Amino acid sequence: MNAIAYLDQHFPHFEQGLKEQIAAHCTVRQISAGERLIQTGQYFRSTMLVTEGRLKLYREGEEGDEFFMYYLLPGDACALSMVCASRPHPASEIMAKAIEDSVVLMIPLQLMESLMQEFKSWYSFVVETYRSRFEELLQIVDQVLFKALDERLVIYLEHQQKALGSPQLQLTHQEIANDLNSSREVISRLLKKLEQQKKLVLHRNYIEILPG
């Protein structure tokens with residue numbers, strides 16, 4: 001599929017001229033599951049629009065531990081790289097990797113200013129991307145500061161179910177522990193407790209969320 005087809009499918013609200021500008025300058029990049037797209041300290045040269053798959057954004061601690069931030073799904077954009085377009089040598093402070101095989105449109109950062117000035121739909125899209133990610137990060141801060149780990153786990157699983165559009169979550173206990181900055185043993189105990197409460201079923205290779 002070419003860039004215009006991806007834009008028509010996932011960004012139909014963009015003006016036709018905007019789609020043509022993006023298609024003329026972007027690179028369609030295919031990313032394999034598990035591949036890192038953004039590294040901490042890496043200089044941004046492009047912003048990206050997600051058109052297939054799912055990307056995970058997270059912070060990495062000094063000892064290599066991970067703190068999950070949010071996912072990027074088809075129709076989403078990387079807000080951080082958009083912010084960095086106004087800085088002289090923008091370096092990433094987060095990591096991003098593909099959870100499944102994905103496709104993104106890489107748009108050169110030097111194109112951002114002209115797109116903002118020329119196309120109202122791009123301006124609105126960038127502002128809405130900033131707003132939604134800021135609200136999402138506020139929710140994460142609230143969870144860390146004001147909610148116990150068992151509550152955070154329930155919220156996390158609900159978000160996973162919503163993002164995937166399926167009650168069957170292909171997640172290991174270790175992956176959940178990494179995302180919630182906990183240990184596998186603690187997460188396994190809390191998941192078993194939720195299973196006893198009839199909120200989920202723990203299968204061999206996936207977690208099934210039961211209707212509430």
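Where a number appears in this text, it was derived from the coordinates with a stated rule and is not lab data. Here the structure is a predicted model, which means the values were calculated and not measured. Neighbour counts are summed over all protein chains in view; Cβ atoms, including those assigned to glycine, are modelled from backbone coordinates with ideal geometry.
Note on TYR130 and VAL201: the model spin-label points, each 7 Å out from Cα along the C-beta direction, lie 4.7 nm apart. Taking a temperature of 4 °C and a viscosity of 1.567 mPa s, what whole-number D in µm²/s does Stokes-Einstein yield for segment 3-145 with Rh from Kirkwood over alpha carbon pairs? Answer, rounded: 83 µm²/s. Each label point was placed 7 Å from the Cα along the Cα-to-Cβ direction; for ALA5 and SER182 their separation is 4.3 nm. Loop-located trypsin sites (Lys or Arg not before Pro) across segment 87-184 with a Cβ neighbour count of 16 or fewer within 10 Å are LYS147, with loop assigned by DSSP.
Round to the nearest 0.05 the FRET efficiency obtained for LYS120 and GLN170 when R0 = 45 Å and r is the Cβ-Cβ distance.
Working: r = 40 Å, r/R0 = 0.88.
FRET efficiency, LYS120 to GLN170: 0.70.
Taking GluC sites (Glu not before Pro) as exposed when DSSP calls them loop (any state but H, G, I, E, B) and at most 15 other Cβ atoms lie within 10 Å, what is the longest stretch of the chain free of them, the sites themselves excluded?
Details: sites that count: GLU15, GLU35, GLU62, GLU63, GLU93.
With a cap of 15 other Cβ atoms within 10 Å, the longest stretch comes to 94-212.
Treat segment 147-209 as a sphere of radius equal to its Kirkwood radius over Cα pairs and apply Stokes-Einstein at 37 °C in a medium of 0.692 mPa s; give the translational diffusion coefficient in µm²/s, rounded to a whole number.
Details: Rh = 11.5 Å.
In µm²/s, the coefficient is 284.
For segment 14-74, chymotrypsin sites (Phe, Trp or Tyr not before Pro) are listed when DSSP marks them as loop and at most 12 other Cβ atoms sit within 10 Å of their Cβ; the list is empty. From the P(r) of segment 82-186, can you give the percent of Cα pairs sitting at distances over 25 Å? The answer is 40 percent, as a whole percent.
Would you please give the FRET efficiency between LYS192 and ALA163, computed as 1/(1 + (r/R0)^6) with r the Cβ-Cβ distance and R0 = 22 Å, to the nearest 0.05?
Working: r = 24 Å, r/R0 = 1.08.
For R0 = 22 Å, the calculated efficiency reads 0.40.
Candidate membrane-span-like segments in the chain, meaning DSSP H helices with Cα atoms spread over at least 20 Å of their own axis and a Kyte-Doolittle mean of 0.0 or above, are 120-146, with no membrane implied.
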